[in-house]
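Structure, as structure tokens:
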Amino acid sequence: MMTGWLLMSASSVTYRNTGRIAILVAVVALIVAAIVSLPVQDYSVSLLTWIEGLGFTGYIVFFALYVLFTVLFLPGFIFTLGGGALFGLGTGFVVVSLGSTVGACAAFLIGRFLARDMVARRVAGSPRFSAIDSAVGRQGWKIVFLTRLSPVFPFNLINYAYGLTRIPFLHYALATWIGMMPGTLVYVYLGSLAGDVARAAVGDRPDASGLETATQVVGLMATVAVTWYITRIARRALREALPEDERASGEAAK
């Protein structure tokens with residue numbers, strides 16, 4: 001009876017591992033196909049144009065695509081700008097913030113439960129990740145929050161890499177969401193201004209007055225200045241939070 005149970009357990013483990021491998025192969029195939037066969041930036045612009053004509057459904061589609069782009073390591077920068085251009089500053093900020101956070105959380109869960117070995121191999125030997133991993137073990141969400149304000153890893157990669165650390169998922173999600181807000185606000189603001197200019201150029205929106213334009217530009221400059229100041233503070237705090245020997249090795253690896 002025990003032998004039968006062991007065989008069933010082994011079969012279950014093998015089945016789960018096979019399923020994980022199949023999913024990973026499919027994800028890699030999608031990434032390769034997108035990068036090799038598609039002009040990603042041009043395709044993103046086409047997607048945004050299509051989304052604009054969907055009405056309310058466009059919000060849902062935009063959100064889903066942002067999550068997908070984040071998980072598949074595809075560039076989300078143009079989507080962040082596009083959110084502001086399509087939906088305006090307020091709504092665009094909400095949609096982009098939720099999309100980027102859910103995408104980062106999905107990648108975190110994949111890195112923790114589905115592709116742990118693959119992600120571990122990708123970051124193995126990285127002094128910078130070793131320093132962050134050690135700091136997260138001591139200070140948890142604070143390190144995640146600081147790295148979101150002042151990124152030390154590419155956004156898409158660190159989403160997966162954080163899955164290898166001991167931080168609780170809810171702590172990671174909240175620190176990621178709040179920490180990304182300043183940068184999200186800047187890019188969505190910039191996209192909303194570009195959208196206003198584009199709509200005015202084709203007659204879909206009356207030309208803005210000089211005062212309105214000046215107010216928008218000053219608002220953008222103030223937002224950029226505040227975000228830059230916050231980023232400097234975060235970078236300084238992050239340096240102080242990392243162990244001195246690991247910090248030095250991380251700097252040497254830059």
Query - All positions within the range 136-151 that are touching a Lys or Arg at 6+ places or on another chain (Cβ under 7 Å) and within 10 Å of G179 (Cβ to Cβ) - result: S150
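Evaluate the range 183-190: report whether one residue or more is of a type outside the set (V, I, T), more than 18 Å from S100 (Cβ to Cβ) and at pLDDT 80 or above. Full working, then the answer.
Going through the range 183-190, the residues of a type outside the set (V, I, T) turn out to be 183, 185, 187, 189-190.
Right, trim to more than 18 Å from S100 (Cβ to Cβ) and you get none.
Looking through the range 183-190, none of the residues is of a type outside the set (V, I, T), more than 18 Å from S100 (Cβ to Cβ) and at pLDDT 80 or above.
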**Report entry** Cβ pairs under 8 Å, 6+ apart, first in the range 85-102 and on the phi > 0 side of the Ramachandran plot, second part of a helix (DSSP H, G or I)
**Finding:** G88/S192; G88/G195
Report task. Look at G137 and say whether it is more than 29 Å from I60 (Cβ to Cβ), in a helix (DSSP H, G or I) and not basic (K, R). Result -> yes
**Report entry** Hey, A115 among the aliphatic types (A, V, I, L, M) and modelled with pLDDT under 85 or not
**Finding:** no
Query raised in the report: What residue, of R205, R199, R239, R166, is under 21 Å from the mean Cα position of the chain (by Cα) and either modelled with pLDDT under 70 or not β-branched (V, I, T) (or both)?
Result: R166
Query raised in the report: in the same structural domain as I51 (by TED's automatic domain parsing) and over 10 Å from the mean Cα position of the chain (by Cα): does that describe G99?
Result: no
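Picking from L185, L170, which residue would you name as being surrounded by fewer than 19 Cβ atoms within 10 Å (Cβ to Cβ), among the hydrophobic types (A, V, I, L, M, F, W, C) and part of a helix (DSSP H, G or I)?
On the way: L185 fails: surrounded by fewer than 19 Cβ atoms within 10 Å (Cβ to Cβ).
Exactly one residue qualifies, and that residue is L170.
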**Report entry** Lone qualifier among I132, I60 - being closer than 29 Å to A194 by Cα and either in a helix (DSSP H, G or I) or modelled with pLDDT of 85 or more (or both)
**Finding:** I60
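So that you can scan it fast, the table gives a plain yes or no per residue for (1) modelled with pLDDT of 90 or more; (2) under 24 Å from Y189 (Cβ atoms); (3) part of a helix (DSSP H, G or I):
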| site | (1), (2), (3) |
| --- | --- |
| V13 | no, no, yes |
| R20 | no, no, yes |
| L24 | no, no, yes |
| Y66 | yes, yes, yes |
| P75 | no, yes, no |
| G84 | yes, yes, yes |
| L109 | yes, no, yes |
Report summary line: Matching residues in the range 49-65 (surrounded by fewer than 13 Cβ atoms within 10 Å (Cβ to Cβ) and within 23 Å of the chain's Cα centre (by Cα)) number 4
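The values are calculated or read from the model by the stated rules, or taken from the named source; none is laboratory data. What you see is a predicted model; the values in this text were computed from it and never measured. All Cβ positions, glycine included, derive from the backbone under ideal geometry; neighbour counts span all protein chains shown.
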